[in-house]
1. Counting only residues 5 or more places away or on other chains, whose amide H sits under 5 Å from the amide H of A:Lys57 once H atoms are built in the peptide plane?
2. Say the cut-off is 31 Å between C-alpha atoms; which of B:Lys42/B:Lys317; B:Lys164/B:Lys317; A:Lys5/B:Lys3; A:Lys76/B:Lys164; B:Lys8/B:Lys244; B:Lys164/B:Lys417 go over it?
3. If you line up the long axis of helix B:252-262 against the longest principal axis of chain B, both from Cα atoms, how many degrees apart are they, to the nearest 10?
4. Can you pull the mean other chain C-beta count within 10 Å for peptide B:11-21?
5. Provide the solvent-accessible area of A:Ser123, counting protein heavy atoms only and rolling a 1.4 Å probe, rounded to the nearest 10 Å².
6. How long are the three semi-axes of the equivalent ellipsoid of the range B:5-277, in whole Å, if each is the root of 5 times an eigenvalue of the C-alpha gyration tensor, listed from largest down?
7. Can you divide the C-alpha Rg of the range B:1-108 by 2.2 N^0.38 Å and report the result to two decimal places?
8. Helix B:352-362 versus the longest principal axis of chain B: what is the Cα-based angle in degrees, 0 to 90, to the nearest 10?
Amino acid sequence: MIPLKKIHSRFVPLPPENVDTDQIIPARFLKATTREGFGKNLFRDWRYEHDDENRPKPEFVLNQPQYSGEILVAGKNFGCGSSREHAAWAIQDYGFKAVVSSFFADIFRNNSLNNGLLPVTVSDAFLAQIFAQGNEATLTIDLESQSITIDATGQQEKFEINPYKKTCLLNGYDDIDYLLSIRPAIEAFEGQPH
Amino acid sequence: MAKTLFDKIWDKHVVQQVQDGPSVLYIDKHFIHEVTSPQAFKGLEKRGLKVFRPQQVVATADHNVPTINQHLPIKDELSRIQVQQLIENCKKHDIELYGLGHPFQGIVHVIGPELGITQPGMTIVCGDSHTSTHGAFGAIAFGIGTSEVEMVFASQCLLQSHPKLMRINIDGELPDGVVSKDIILYIISKITSSGATGYFVEYAGSAIRALSMEARMTICNMSIEMGARGGMIAPDETTFAYMKGRQFAPGNGQWEEKLEQWKTLFSDEGAVFDKEIFIKAEEIEPMITYGTNPGLGIAINGTIPVADSIPDEGERKNIIKALQYMGLEPGKPLLGMPVQHVFIGSCTNSRIEDLRQVAALVKGRKKNEHVHVMIVPGSQQVARQVKAEGLDKVFAEAGFEVRQAGCSACLGMNEDKIPAGEYCISTSNRNFEGRQGAGARTLLASPLTAAAAAITGVVTDVRDLTPRPPEGGVGKTTKEAIN
């Protein structure tokens, strides 16, 4: 995993709530056997008319060139539904490094953390303030200090992250490195009566 | 100290605690399938590792398999490659595979329980959010992502934080025509599709105790649809009777010992939950969803909510967006609305009891000519049982199409899809936009409500269905047909 410390970028707003992983990446695109390349089908059915890449839906934010950046800002309960990690891969493959919302579904949040895609949970009020910004506005997310700032106004909020996960992200470690390092303890556990 | 069912199992599986971090949780059983495992195998191989405990992994092909002509090579190239890769990976890593053509093949959450692999007190994971199904046996079972699949491959463990605990108590007797699918759709409609996020849910109460194992699985299956990591039900005599004699259930030598352990698996009197909800079974009616998340459901004889009356702005916008997608009008009833498709299947409702209920209702009747009806048994074993009981003849006479085992039209990965703009009453678990095919409109309901719509061609209250034509001169009421 690539270490992640600070993100300073414009953002792409996606206000609808309860965005499920079937919208992020529809099941018909889950036939691939690699982790790469899902970005081109990110939000496929919201992005294109009749599944046709030559017919982008102009009202969808990914088709509006005035919006860009490494941060996706989404309505609450983002990533609900299926456990498909392909959703996190698609968001990352498209070029996002963080997703900001006031509420994340559990499995999506875990999947994101396991891939170095930072889920940032903010209050409903702060989320509304971000959405109120124009398309030129930038955000700064600092993992070290666990803060997110709207640069133009200076409004800032702290966000929670598990200290273990924070260390992993800052250093680019993953859980497997850790689990492999404790294999002797796991084997000892297996030997105990249960 | 009084302990919850969850903690009795959790505590026994904690290998160690990461400082300021999660617990290292030991996993007893790991189910895998073709869609969420290939990248995990690749990751493992990149690290030069073999699967750590292959005998604790069981594989099947279900999400991406065709449900006709399963004996022929898969036509879709990408699907074929994915299924082939599962075969090769299982071979390379000595993992038992119940693939296409195997008599045990089927939807992963159907075969685990029916083979007796799923057992009380276990920790069970799978790269699929409906892994919560296995919680019906009093197990901690939850869905994981592919990186976590790789972790379990590498170490048989996962790093997990202790979730908050919720108990949902349902007491009383279910009214006629109301089945377990209605219970869970009712609960989700009450607490919303994110109402249990961060929680692990235990279902309890006399109405739950009265349910069969298969009915309990339907409820636990949809725990994720209210955001819960998993759902569970304490094992009891119903559980033990279901398990006894199953293929991989403990044999005679071990049965008594296991049984003694399993009997200790319940939440102690006075155990504390972070949240408790109480529901009267008598309040529940047959349910149906009108929107694009499983929380947007109403009683079958109710009316679609008027968004203006909803105070929360986000929720109001959700409903407006959902109704637009669904082509439905606020304030109107769903009863009487024509549907073009009925899908009976998925890890929620494709077991033999579901299909028996459907058969009991449709026996001697024909489907409406404007409806296409698809029945997809959850496993090869269910399919064989359908034949053994002659249910296939009932379905054939009714004009229903019976296909082969797989996830099928639940998620629109294979060719079983609902065309854009058309309505499908589905016994599956998700009504998300495009879930059953791009533009498809899904109404979630029980197998009984789905069967009723198959016969009438419109959304129907199963309790209103006229008695069946007399059999040997004796007419049966709908109630008898259901029971």
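1. Excluding prolines and chain starts, which carry no amide H, the hits are A:Tyr48, A:Glu49.
2. B:Lys42/B:Lys317; A:Lys5/B:Lys3; B:Lys164/B:Lys417
3. Orientation of helix B:252-262: about 80 degrees from the principal axis.
4. Mean inter-chain Cβ contacts per residue within 10 Å come to 4.
5. Probe radius 1.4 Å; accessible area of A:Ser123 about 40 Å².
6. Values: eigenvalues 182, 97, 72 Å².
Taking √(5λ) for each eigenvalue gives 30, 22, 19 Å, largest first.
7. Details: Rg = 17.5 Å, N = 108, 2.2 N^0.38 = 13.0 Å.
Relative to the rule-of-thumb radius for its length, the range B:1-108 sits at 1.35.
8. With both axes taken from Cα atoms, the answer is about 0 degrees.
The values are calculated or read from the model by the stated rules, or taken from the named source; none is laboratory data. As the structure is a prediction and not an experimental result, all values here were calculated from the model. Quick reminder, even Gly has a Cβ in these numbers, built from the backbone with ideal geometry, and neighbours come from all protein chains shown. Ligands, DNA and RNA are excluded from the accessible area calculation, which covers all protein heavy atoms including side chains. Shrake-Rupley method; radii C 1.70, N 1.55, O 1.52, S 1.80 Å.
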